[in-house]
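One structure is given here, and the rest of the page talks about it.
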Protein chains: 2
Amino acid sequence: MSERKEFRDLASPEAAREAIADLDLVPATESVPLAEARGRVLAERLDADLDVPGFDRASMDGYAVRARDTFGADETDPNPLELTGVVHAGEEPDTEVSEDEAVEISTGAVMPPGADAVVMVERTREQGDTVLVQTALAPGDHVMTAGADIAAGERALGPGTKLTPREIGLLSALGVDSVPVRGKPKVGIVSTGDELVRPGEQLNSDAGQIYDVNSYTIASAVAEAGGNAEMYPHAGDDYDEMESILRQAADECDLVLSSGSTSASAVDVIYQVIEDRGELLLHGVSVKPGKPMLVGRLENSAYVGLPGYPVSALTIFRTFVAPAIRRAAGVPEPTSATIEAKMAAEERYSEGRTRMLPVGLVENATGELLAYTVDKGSGATTSLVEADGVVEVHADTSYIADGESVEVELFSADVRAPTVLGVGEDDPAFARLLDELERPRYLGVGSREGLRRLRDGVPDFAVASAGDRDVDADELGTFEREWGLVVPAGNPDELSSLADLVETDVRFVNRSTDSGLRTTLSNALADLAEERDTTRHELVEAIDGFEMATKAHESPARRVAAGKADAGVGLRATAEKLELGFVSLGTEQVQVLANSERTEKTGVQELETVLESKLDAVLADLPGYNR
Amino acid sequence: MSERKEFRDLASPEAAREAIADLDLVPATESVPLAEARGRVLAERLDADLDVPGFDRASMDGYAVRARDTFGADETDPNPLELTGVVHAGEEPDTEVSEDEAVEISTGAVMPPGADAVVMVERTREQGDTVLVQTALAPGDHVMTAGADIAAGERALGPGTKLTPREIGLLSALGVDSVPVRGKPKVGIVSTGDELVRPGEQLNSDAGQIYDVNSYTIASAVAEAGGNAEMYPHAGDDYDEMESILRQAADECDLVLSSGSTSASAVDVIYQVIEDRGELLLHGVSVKPGKPMLVGRLENSAYVGLPGYPVSALTIFRTFVAPAIRRAAGVPEPTSATIEAKMAAEERYSEGRTRMLPVGLVENATGELLAYTVDKGSGATTSLVEADGVVEVHADTSYIADGESVEVELFSADVRAPTVLGVGEDDPAFARLLDELERPRYLGVGSREGLRRLRDGVPDFAVASAGDRDVDADELGTFEREWGLVVPAGNPDELSSLADLVETDVRFVNRSTDSGLRTTLSNALADLAEERDTTRHELVEAIDGFEMATKAHESPARRVAAGKADAGVGLRATAEKLELGFVSLGTEQVQVLANSERTEKTGVQELETVLESKLDAVLADLPGYNR
């Protein structure tokens, strides 16, 4: 490791906020066409430059008259006025209204000289060239005087006003087609690390390559905060390349964010470039996640280094960087997105750092929100979408009790708890059924773990196959799936039974122990062992790769397809989808089980409806599935 | 008027909603690059197509080992392993780990074959080619297995998912660079009416032209709802031109909206085109505003005709059209933006139609929200920005009591009551001072009306000059402004006093009776009358144009500048700004008066602070102003 300047203590979150607030990000004011002004923030006060309307304007269809000529008129005793002309909207009047005269006028038309009121057409009768006015008018009746809406010189909109369709309406009325708005701070995003590949490019997993998650995530979060994100070419761990990209970004942007790599060498290189070409103001903040955050200046730009793991990077961005971008862009802080929830399980802490705990939300039977922690380990990108917000746990809190009330900072104000939360077996038919629900959340944790969580009372339902049913639950639906051995196309090893798997020398791939499919396989092996008067253990030992546990329902089949194994436990549906061979070993039942306290919950009832109305169609579409 | 098909009864709001819901607006699915996917809605379920990570991955810097080789190790009795290589992130391992061997490994690197755990560097010591392992490991320790985050075949995101930075993170991890999203319905906007001119173009007010407010307002509201707005060339009232533009729009769009004109002839022409080229499904809805709404089909497109007045057009759009666009775009309905408020004054109705009442909001002393109606008459565009939302009053409600609780549908979820609400004199110094406050609202209704409203208790403060002080209020600040006659540059009529105005034959322009400046002028005339032993009335009669009441502080001066008058009441600051002549007639005091029940309100205190700290600087910048 290269030598780093010593920052003995991690900075407090407040110090980090201040360090970023002190960086000058404010971009210059710019002008945008009215058609592109929505969502922008007005840079300066706008006074009206003209009267709206620009003339005394009829606000009814009728006749322009002198009010005094109508005094005393009513239905029984109308005043006759001589009709001397007509004026439509968008025309300059060519007639003056003199005593006892009237001019026909349309809504929106200019009041002709001499007239000071409009009589509605409904209150008149026309008789040849004479208009009989059946009502008395006061001067100004049904006339909008020039400037009555807004007059030249009046304050129209103040600086800092966010432009919605309503403000755009007022700007239109004032004829403004170029709007002075706060500039969007330009934020350069430099992704680092030899192992990163941009989405869309070819990935070499054998060489440890992974897709670059942070660049697009942070770029869209920058846009959400009101900045203009600019992605720079990906930099590896080479000093010269990194230096050249960072300097270019610093030259072109108000703020440079580096992000992407978790590798120490890439971080070291960045660190060195900032030290050489700028100034490091802060290194590390006492927040979990976020320890590796850097704050500094790089030439004339501000610089923040984000942690490498996606959840950490986004959390740190949201907590520390987004407010600074919003401030620079003049975008108001979003309306509070903080809600109360009850912790679904106790949590213990020991680290003495502020902790930003990602949580998912679920509504319980009484409509209360429960918050459960989403912690799939560092680097998991699925945590991004499986959490709804963050609970900030103070450094001196070491324990949160089950049921304790916590404040959840939602990822945005429009985040809502899913309509229904399910857990359990990863099954392709059920995955399709979920498409019929609005905003469900399903965590494919396997049958065993799913049932465990259902027993703990957090989810609304669980999906389990072949599992232990020791749980108080209501069955919402059930179906069967055909399972067996997925083998290469043409079944080159000519496997035909479970016995063949035990007896021949094939490389096998299994599922993880949480999977219901693995339990079903184990049960079948136990039956075979009983038949043969031996132990299941002995049969398992004879299978090469029985302990090779893979995560999802297609994983063994995909290993077979990749030539990394000769057979894997799997479904007929998977074998057919991937155009592989299949040795059927039976069917197993999959059950959808509702949390018995939540059967009245709308989302659960919708699931039940969908199971009743759509399951047959879904199953008919997948080989090996049956009711 | 052309003949219209008979629609005897106005449709109910529900019928209008249904008619629009039945129009088919749903656009085709499209693919967008990942960088542009934020805010879009996923069109279909996305299953993972690869394992993330794609390989067994070290999650710590350390050494890749066989766990069994560490069994029994601790700090006092470390196990020595032979260091046989190194693997960095982004490299393919070139070494296998055999018994009692270790390979140095970086976070994120591929586990070398044979190894099944990583020992953290902190738990080891290196001695030449030997690594001393000081802890026992279980298989899998500090290793993220292939697919542990998400495995190929697993359901990643469901159809209808709105793509935020978090979903974009997951899509990045899966290498997806082209995202199937719901298309945005294309909405054509046809503005009509001979009198309309696009902002930025030259306006001829004498010919009754006004700027087209609805086109940009509705276009930005379409974009807000998730549609793609397309503005078509402006059409006048000519049938052939209108028909050709409407047919082009219908050909290119999923929905055509016509909007803009309030003139009956333009509406008649549209009506005729729809009748000839499409089908009218609904004409008129029993909502105020909104009676003139049309719903139909135009060739292969859906068609909705919006009312002409901007507030009506936007209200009808928001109520009936926006939900249909959101549904077509797959955009979820925004989180409820409904709040409770108390009516600030009683309201009576007699029309028997559902009424969408625009209201402004203000927080009272106890933090309750008051809603006051914003009704500046049909066609006022300032109502757009002076209201915060709408109260829907049912057709059979004829009375809402002062203090009655109402539901306010905010214009959007992030609308908040202004920090402080002021009313009163339109003054250029105070207008600048307002720039120093965050989200104030100020209604320039004049001193007299401002004081009346302050007495009624709705606003937080009033600004009044020369007015009647019969109100229980706390003075927050005060300043003086120099007033007099604004005359053409060079003062061609050689006016030098108020007496000259009475005695010479100049065309004068006054302010409206609510204006404090007018009261000051009247008071000065009363003094002059007393001096001359005559009546004020007599002097006023001698001034040509004394009753010519204009709206805002610059209005008389602008009439002078336009050559439409020889003198106007006004401020020295205005005369100098507009480079006109000025005849000083004295100074008048302007007072900022707080609602005595709201002096503790944050916004009022901020106003007081700004008056203390910024008033001098503002006054120094404007000629004729003093403390």
task = Report, by chain and number, residues whose modeled amide H sits under 5 Å from the one on B:VAL143, excluding near sequence neighbours (fewer than 5 apart, same chain).
result = B:SER59, B:VAL118
Sequence-distant lysines (8 or more away, or on other chains) whose Cα lies within less than 16 Å of B:LYS564 = B:LYS551
key: Theoretical ellipticity at 222 nm over chain A - DSSP helices of four or more residues, -39500 (n - 2.57) apiece, nearest 500   = -7000 deg cm²/dmol
note = Scoring only Lys, Arg, Asp and Glu (+1, +1, -1, -1) among other residues with Cβ under 10 Å from the Cβ of A:GLU346 yields -2
task = For segment A:269-428, just the Cα atoms, rotate onto the principal axes and tell me the three extents in Å, largest first.
result = 58, 40, 36
message = Can you give me the long-range amide H partners of B:ALA489? Hydrogens built in the peptide plane at 1.01 Å from N, cutoff under 5 Å, separation of 5 or more residues or another chain.
response = B:GLY581
remark   = Note: segment B:479-627 at 20 °C, 1.002 mPa s; Kirkwood Rh on alpha carbon pairs; Stokes-Einstein D in µm²/s works out to 130
message = Apply the a/c threshold of 1.5 to the C-alpha gyration tensor of segment B:410-483 and tell me whether it is rounded, prolate or oblate.
response = oblate
request  = Give the distance, in whole Å, between the Cα centre of segment B:189-239 and the Cα centre of segment B:116-138.
outcome  = 73
Only Lys, Arg (+1) and Asp, Glu (-1) charged, at Cβ; segment B:192-309 dipole about Cα centre in debye = 560
message = Give me the net charge for the shell around B:ASP426: Cβ to Cβ below 10 angstrom, other residues only, Lys and Arg +1, Asp and Glu -1.
response = -2
ask   = Once you charge only the Cβ atoms, +1 for Lys and Arg and -1 for Asp and Glu, what is the size of the charge dipole of the protein assembly as shown about its Cα centre, to the nearest 20 debye?
value = 580
key: From phi via Karplus (6.51, -1.76, 1.60), per-residue ³J(HN,Hα) for segment A:181-191 in Hz, x at Gly/Pro   = 10, 4, x, 8, x, 8, 10, x, 10, 10, 9
Ascending list, in nanometres, of distances separating the B:GLU230 label from those of the other copies (7 Å, Cα toward Cβ) = 3.3
ask   = Once phi is turned into θ = phi - 60°, what whole-Hz ³J(HN,Hα) does the Karplus curve with 6.51, -1.76 and 1.60 give for every residue of segment B:446-461, x standing for Gly and Pro?
value = x, 5, 5, 5, x, 5, 4, 5, 4, 4, 6, x, 7, x, 7, 7
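Write down the percent of antiparallel bridges among all DSSP beta bridges whose residues are both part of the protein assembly as shown, to the nearest 5.
Of the beta bridges lying entirely in the protein assembly as shown, close to 70 percent run antiparallel.
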inquiry  = Defining the label point at 7 Å along Cα→Cβ, can you sort the distances from B:ALA617 to the same site in each other copy, shortest first, in nm?
reply    = 6.5
Base-10 log of normalised Debye intensity for segment A:451-500 (one unit scatterer per alpha-carbon) at q = 0.20 Å⁻¹ = -0.75
task = May I ask for the distance between the Cα centers of segment B:434-477 and segment B:378-416, given as a whole number of Å?
result = 22
query = Which percent of the accessible area of segment B:129-218 is formed by carbon and sulfur heavy atoms (probe 1.4 angstrom)?
reply = 40
remark   = The value for chain B (convex hull of the alpha-carbon atoms, volume per residue, Å³) is 252
ask   = Taking only the alpha-carbon positions of segment A:76-141 and ignoring solvent, what does the Debye formula give for the base-10 log of I(q)/I(0) at q = 0.20, 0.25 Å⁻¹?
value = -0.77, -1.21
task = Pick out, from A:ALA67, A:VAL110, A:PRO80, the residue whose Cα sits farthest towards the positive end of the charge dipole of segment A:57-176, with +1 on the Cβ of Lys and Arg and -1 on the Cβ of Asp and Glu.
result = A:VAL110
ask   = Around B:THR397, with a cut-off of 14 angstrom between Cβ atoms, what is the net charge of the other residues, counting Lys and Arg +1 and Asp and Glu -1?
value = -3
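Evaluate peptide B:383-392: per residue, the Cβ atoms of other protein chains within 10 Å of its Cβ; return the mean as an integer. Kindly include the intermediate steps, with their values, before the conclusion.
On the way: counts 4, 9, 11, 2, 1, 1, 0, 0, 0, 0.
Average neighbour count from other chains, rounded to a whole number: 3.
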remark   = Listed by chain and number, the residues whose amide H is under 5 Å from that of B:ASN228, excluding neighbours fewer than 5 places away on the same chain and using placed H, are B:LYS186, B:VAL187
ask   = Residue by residue, what Karplus-based ³J(HN,Hα) values in Hz, rounded to whole numbers, does segment B:409-414 have, using 6.51, -1.76 and 1.60 with θ = phi - 60° and x for Gly and Pro?
value = 7, 5, 5, 7, 4, 9
inquiry  = Nothing charged except the Cβ atoms of Lys and Arg (+1) and of Asp and Glu (-1): what's the magnitude of the dipole of chain A about its Cα centre? Round to the nearest 20 debye.
reply    = 1720
ask   = What's the angle, to the nearest 10 degrees (0 to 90), between helix B:214-224's Cα axis and the longest principal axis of chain B?
value = 20
query = What are the distances, in nm and sorted shortest first, from the label point of A:ALA526 to the label points of the same position in each other copy, with each label point placed 7 Å from Cα along the Cα-to-Cβ direction?
reply = 10.3
inquiry  = Return the chain A residue and its Cβ-to-axis distance, rounded to the nearest Å, for the rotation relating A to B.
reply    = A:ALA413, 3
message = Helix B:13-22 against the longest principal axis of chain B: what's the angle in degrees, Cα atoms only, rounded to the nearest 10?
response = 50
inquiry  = At 1.4 Å probe radius, can you tell me the per residue accessible area of chain A in Å²?
reply    = 41
note = From most to least accessible, 1.4 Å probe, no ligand or DNA/RNA atoms counted, B:GLU36, B:GLU91 line up as B:GLU36, B:GLU91
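If one takes the accessible area of chain B alone plus chain A alone and subtracts that of the pair, with a 1.4 Å probe, what total in Å², rounded to the nearest 100, results?
Numbers: alone 29400 and 29470 Å², together 50900 Å².
So the buried area, both faces added, is about 8000 Å².
The values are calculated or read from the model by the stated rules, or taken from the named source; none is laboratory data. Only a predicted model underlies this, so the values are computations on that prediction, with no experimental measurement involved. A quick note on method: Cβ atoms are made from the backbone with ideal geometry, for glycine too, and the neighbour counts reach across all protein chains shown. Accessible surface is based on the protein model in full, side chains and every heavy atom, while ligands, DNA and RNA are left aside. Shrake-Rupley method; radii C 1.70, N 1.55, O 1.52, S 1.80 Å.
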